[in-house]
1. Across region 1-20, which residue is nearest to residue 39 (Cα to Cα) among those that are within 22 Å of the chain's Cα centre (by Cα) and among the β-branched types (Val, Ile, Thr)?
Amino acid sequence: KRRVDSGEMAVAFALYPVSLEQLINIADTGNIMPPKTTWFEPKLRSGIVVHSLE
């Protein structure tokens, strides 16, 4: 809002986040989500932990 109000940006979008339950349901049913819709922060450092969940 601040960046649009200042004229720095022309448009902004506010979206509701996907809940963990929704994400698990999508994965369990074999569906996919558009790229960048599952952005998590903070990111784990690559290679620190690898553990099989099975």
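The values are calculated or read from the model by the stated rules, or taken from the named source; none is laboratory data. Fair warning: this is a prediction, and the values are worked out from it, not measured in the lab. As a convention, Cβ positions derive from the backbone with ideal geometry for all residues, glycine included, and neighbour counts pool all protein chains shown.
1. 18
Table: residues versus (1) among the β-branched types (Val, Ile, Thr); (2) modelled with pLDDT under 90; (3) exposed (fewer than 10 other Cβ atoms within 10 Å of the Cβ); (4) assigned to a loop (DSSP other than H, G, I, E, B).
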{"residue": "16", "(1), (2), (3), (4)": "no, yes, yes, yes"}
{"residue": "24", "(1), (2), (3), (4)": "yes, no, no, no"}
{"residue": "30", "(1), (2), (3), (4)": "no, no, yes, yes"}
{"residue": "34", "(1), (2), (3), (4)": "no, yes, yes, yes"}
{"residue": "41", "(1), (2), (3), (4)": "no, yes, yes, yes"}
{"residue": "53", "(1), (2), (3), (4)": "no, yes, yes, yes"}
